[in-house]
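Student: So that we are looking at the same thing, I have put the structure below in structure tokens.
The values are calculated or read from the model by the stated rules, or taken from the named source; none is laboratory data. Keep in mind the model is a prediction, meaning the values are calculated, not measured. Note that each Cβ is placed from the backbone with ideal geometry, even for glycine, and that neighbours are counted across all protein chains shown. Calculation scope for accessible area: heavy atoms of the full protein, side chains included, ligands and nucleic acids excluded. Shrake-Rupley method; radii C 1.70, N 1.55, O 1.52, S 1.80 Å.
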Amino acid sequence: MVLLAEGVGRLTGHSEPLLGAFVLVSIFPNTGNYGIPLADFAFGATGRSTAVLVTALQGVLLYTVGIYIAARGSGGSPLADMRRVFGVPLIYAVVVALALRWVGAVPPTESTVMQTLELLGNASIPVMLLILGIQLSNVDGNSDFQSVGIASALKLLLAPVFAFAAVLAVGFQNQTVARVVVLLLATPTGVTTIILVGAFSHGTGDQSPSELVSATVFLTTIASAVTVTLLVWLLQSGLVL
């Protein structure tokens with residue numbers, strides 16, 4: 001999807017930093033606050049546990065590859081853009097978390113520390129929705145609706161095809177897990193892309209990268225009511241996988 005979005009973006013005349021924003025919204029789905037309850041609804045406990053794992057893995061990609069893509073074209077060298085990735089605390093938090101699990105030092109789920117972390121994690125969802133609302137209030141009639149439409153088509157229509165091909169190539173003993181993966185990667189553009197572009201990309205001209213991302217998040221979320229519903233029916237009925 002990165003290669004496809006990069007190629008389509010260049011063919012349609014995008015340059016940095018809009019190109020980076022175009023790639024971001026085309027490749028990163030909303031597997032968290034959208035995908036987890038959706039997978040739970042469609043496939044029960046297996047769907048939810050699979051969605052949590054996929055979301056955790058995507059978080060690592062989002063805050064490494066995603067940051068690099070968002071930071072491209074900001075005036076620095078590729079090496080400087082790469083250094084910005086290592087300035088994000090999440091990378092080190094993941095390393096610490098894995099180390100704590102490896103040595104068995106993770107606090108009990110009922111402990112005050114873990115409950116506090118859970119509370120902060122749950123609070124991130126409404127905060128992201130507030131950020132989305134703030135960004136959407138700045139979207140006006142000057143938006144490049146062609147770019148938004150193309151990015152939305154890549155995310156909602158082609159991403160599920162690539163996901164289907166990927167799960168067939170990898171092979172899953174549990175078909176339910178395979179179906180959940182396809183469903184998650186067909187969800188609309190993740191809200192976190194707005195945060196990344198706002199923090200690491202600086203655009204000029206009639207349309208800013210933030211405006212492109214916000215409009216795409218909005219359009220894909222609305223359109224997914226149709227595309228995701230159809231995909232859930234196909235997956236549950238066994239017509240796909």
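Student: Mean Kyte-Doolittle of at least 0.5 and a Cα length of 18 Å or more along the axis: which whole DSSP H helices of the chain meet both?
Tutor: 35-61, 89-103, 112-136, 209-237
Student: Within the stretch 1-70, what whole-number % of the accessible surface is contributed by carbon and sulfur, with the 1.4 Å probe and all protein chains included in the calculation?
Tutor: Of the solvent-accessible surface of the stretch 1-70, carbon and sulfur hold 70 percent.
Student: For the chain, what is the mean residue ellipticity at 222 nm derived from helices alone (per DSSP H run of n ≥ 4: -39500 (n - 2.57); sum divided by total residues; nearest 500 deg cm²/dmol)?
Tutor: Calculated mean residue ellipticity at 222 nm is -23000 deg cm²/dmol.
Student: How would you classify the stretch 156-241 from its alpha-carbon gyration tensor, with a ≥ b ≥ c the square roots of the eigenvalues: rounded for a/c under 1.5, else prolate if a/b is greater than b/c, otherwise oblate?
Tutor: Prolate.
Student: Now for a different question. Determine the per residue accessible area of the stretch 1-109 with all protein chains present and a 1.4 angstrom probe, expressed in square angstrom.
Tutor: 53 Å²
Student: Next question. Over the stretch 101-221, with a single point scatterer placed on each C-alpha, what log10 of the ratio I(q)/I(0) does the Debye formula yield at q = 0.11 1/Å?
Tutor: With no solvent term, the Cα-only Debye profile gives -0.58.
Student: So, one more: On full extension of the chain, what length is gained from Q236 through M82, given 0.36 nm per residue of separation minus the C-alpha to C-alpha distance?
Tutor: Length gained between Q236 and M82: 51.3 nm.
Student: Could you check which residue among A42, A71, A123 shows the biggest mean-square fluctuation in a GNM of the chain with a 10 Å Cα cutoff?
Tutor: Maximum fluctuation in the GNM of the chain, among the listed residues, is at A123.
Student: Dipole of the chain, Cα-centred, from +1 at each Lys and Arg C-beta and -1 at each Asp and Glu C-beta, to the nearest 20 debye?
Tutor: 460 debye
Student: Starting from the stretch 56-101, pick out the chymotrypsin sites (Phe, Trp or Tyr not before Pro) whose DSSP state is loop and whose Cβ has at most 13 other Cβ atoms within 10 Å.
Tutor: Those that pass, being in a loop and sparsely packed, are F86.
Student: Work from the charge dipole of the chain (Cβ charges, +1 for Lys and Arg, -1 for Asp and Glu, about the Cα centre) and give the residue of F41, V65, G238 farthest towards its positive end.
Tutor: G238
Student: How about the stretch 132-194: which chymotrypsin sites (Phe, Trp or Tyr not before Pro) there are in a DSSP loop, with at most 16 other Cβ atoms within 10 Å of their Cβ?
Tutor: Loop-located and lightly packed - F172.
Student: Let me test this: with uniform point scatterers at the alpha carbons of the chain, what is the Debye-based log₁₀ I(q)/I(0) at q = 0.07, 0.08, 0.10, 0.14 1/Å?
Tutor: Reported log10 I(q)/I(0), two decimals: -0.24, -0.32, -0.50, -0.97.
Student: Among Q58, Q146, Q173, whose mean-square fluctuation peaks in a Gaussian network model of the chain (Cα, cutoff 10 Å)?
Tutor: Q173
Student: Turning to a different aspect of this structure: Accessible area of D144, 1.4 Å probe, to the nearest 10 Å²?
Tutor: It works out to around 60 Å².
Student: When the accessible area of the stretch 80-190 is split by element with a 1.4 Å probe, what percent falls to carbon and sulfur?
Tutor: Summing carbon and sulfur atoms, their accessible area is 70 percent of the total for the stretch 80-190.
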